[in-house]
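Engineer: I have a structure I would like to understand better, so I am pasting it below and will then ask my questions one at a time.
The values are calculated or read from the model by the stated rules, or taken from the named source; none is laboratory data. Because the structure is predicted, anything quoted here is derived from the model rather than measured. Cβ coordinates were reconstructed from backbone atoms using ideal geometry, including for glycine residues, and neighbour counts include every protein chain displayed. Calculation scope for accessible area: heavy atoms of the full protein, side chains included, ligands and nucleic acids excluded. Shrake-Rupley method; radii C 1.70, N 1.55, O 1.52, S 1.80 Å.
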Amino acid sequence: MILAVDIGNTNIVIGCMEQEKIYFVERVSTDISKTELEYVVEFKTLLELYRIEIKDITGCIIASVVPPLNNVVKKAMEKLFHIAPLLVGPGVKTGLNILMDNPGQVGSDLIVNAVAGLKYYGAPIIMIDMGTATTISVVDEKKNYIGGMILPGVKVSLDSLVNRTSQLPRISLEPPKKVIGTNTIDCMKSGIIMGQAACIDGMIERIWEELGYQAAVVATGGLAGSIVPYCKQKVIHDDELTLKGLNIIYHKNVEQE
């Protein structure tokens, strides 16, 4: 059984898998002030919640975009499971051909999503990860990772809007009753949710135009469920995409040893 951890700027996604079966996917807040012991307690509590024994965990893998937490989480896993986790980065085999100016600068989360997207949905594929930032990655018909885009995330946009205006209130990410709002809160909901959905639709069309052909689209991330239903283009929502990619990469490297 594999414990996979994806450390993002806002949330840490934790999942437990055995072969193709995913036992759970949970999110906890990213906190760089926590000690390794606090993360040990967090992992232990989560496993107890799902009645999984510590001895059942035979491997661990981490993807991270928060470097200060890498060693903390790694040491926490070593302390709890007595296993050295695999950290996605240079030297780790992914099987992905990256055609970027500097392949080493591509975020590990983007690589992991692309690996899963290729296996489960084929090429060409567009992967959208909606977290603190909204990232879009593109794999062409020859299975090459050719690049993408980085947009302000949904909550980043909302927080900026609220913090920089005097009269706009904080709102929850709920869909408005209609696109044309008739009060301040509904106008904000429409702008954030429908606006982001329209942005995704527009980016998909522009990517297809530049590629010269259409590609399947899959979205993941903590906020995808709030936006994807309002996209006009067909977007597959796969909340487990990153964990699936971590599972593939883990086994690819273990089998190579």
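Engineer: At 25 °C and 0.890 mPa s, what whole-number value in µm²/s does Stokes-Einstein give for the translational diffusion of the chain, with Rh from the Kirkwood sum over Cα pairs?
Structural biologist: Taking Rh from Cα pairs, D becomes 127 µm²/s.
Engineer: Sticking with this one: Treating only the Cβ atoms of Lys and Arg (+1) and Asp and Glu (-1) as charged, compute the dipole magnitude of segment 120-257 about its Cα centre; round to the nearest 20 debye.
Structural biologist: The dipole magnitude comes to about 480 debye.
Engineer: Next question, about the same structure. Per residue, how much accessible area does segment 113-257 have with a 1.4 Å probe, in Å²?
Structural biologist: Each residue of segment 113-257 exposes 50 Å² on average to a 1.4 Å probe.
Engineer: In units of 2.2 N^0.38 Å, what is the alpha-carbon radius of gyration of segment 24-168?
Structural biologist: For segment 24-168, the normalised Cα radius of gyration comes out at 1.24.
Engineer: Under 1.5 on a/c is rounded, so check that first for segment 1-77, then, if it is not, pick prolate when a/b is larger than b/c and oblate when it is not; a ≥ b ≥ c are the square roots of the alpha carbon gyration tensor eigenvalues.
Structural biologist: Prolate, since a/c reaches 1.5 and a/b exceeds b/c.
Engineer: Further, regarding this structure: Please give the helix 67-81 orientation as an angle from the longest Cα principal axis of the chain, in degrees from 0 to 90, rounded to the nearest 10.
Structural biologist: So the inclination is approximately 40 degrees.
Engineer: Which part of segment 181-206 falls in the paramagnetic zone of Leu168, meaning amide N under 19 Å from the point 7 Å along Cα-to-beta-carbon?
Structural biologist: Zone members listed by number: 181-200.
Engineer: To the nearest 20 debye, what is the magnitude of the charge dipole of segment 176-215 about its Cα centre, counting +1 on the Cβ of each Lys and Arg and -1 on the Cβ of each Asp and Glu?
Structural biologist: It comes to approximately 300 debye.
Engineer: Taking amide hydrogens as modeled 1.01 Å from N in the peptide plane, which residues meet the under 5 Å criterion relative to His237, leaving out close sequence neighbours?
Structural biologist: Close amide H contacts, sequence-distant or interchain: Ala219.
Engineer: Same structure, new question: So how strong a dipole does the chain carry about its Cα centre when Lys and Arg Cβ are +1 and Asp and Glu Cβ are -1, to the nearest 20 debye?
Structural biologist: Here the chain has a charge dipole of around 360 debye.
Engineer: Among Gly15, Val72, Leu223, whose Cα lies farthest out toward the positive end of the dipole of the chain, if unit charges sit on the beta carbon of Lys, Arg (+1) and Asp, Glu (-1)?
Structural biologist: Selected residue: Leu223.
Engineer: Based on the Cβ-Cβ distance of Asp56 and Gln105, what FRET efficiency does E = 1/(1 + (r/R0)^6) give at R0 = 25 Å, to the nearest 0.05?
Structural biologist: With R0 = 25 Å, the Cβ-Cβ based efficiency is 0.10.
Engineer: Taking the solvent-accessible surface of protein heavy atoms with a 1.4 Å probe, what is the per residue accessible area of segment 27-71 in Å²?
Structural biologist: Heavy-atom accessible area per residue stands at 58 Å².
Engineer: Next question, about the same structure. Would you pull out the residues with amide H under 5 Å of Asn97's amide H, same chain only if 5 or more places away, H placed 1.01 Å from N?
Structural biologist: For Asn97, the qualifying residues are Tyr145.
Engineer: Right, another one. Segment 89-113 to segment 1-76: how many Å between their Cα centroids?
Structural biologist: 22 Å
Engineer: Okay, moving on. Heavy atoms only, probe 1.4 Å: what % of the accessible area of the chain goes to carbon and sulfur, would you let me know?
Structural biologist: Looking at the chain in its full context, I get 51 percent from C and S.
Engineer: Related question: Add -39500 (n - 2.57) for each DSSP H run of 4 or more in the chain, then divide by its residues: what number comes out at 222 nm, to the nearest 500 deg cm²/dmol?
Structural biologist: Computed mean residue ellipticity for the chain: -11500 deg cm²/dmol.
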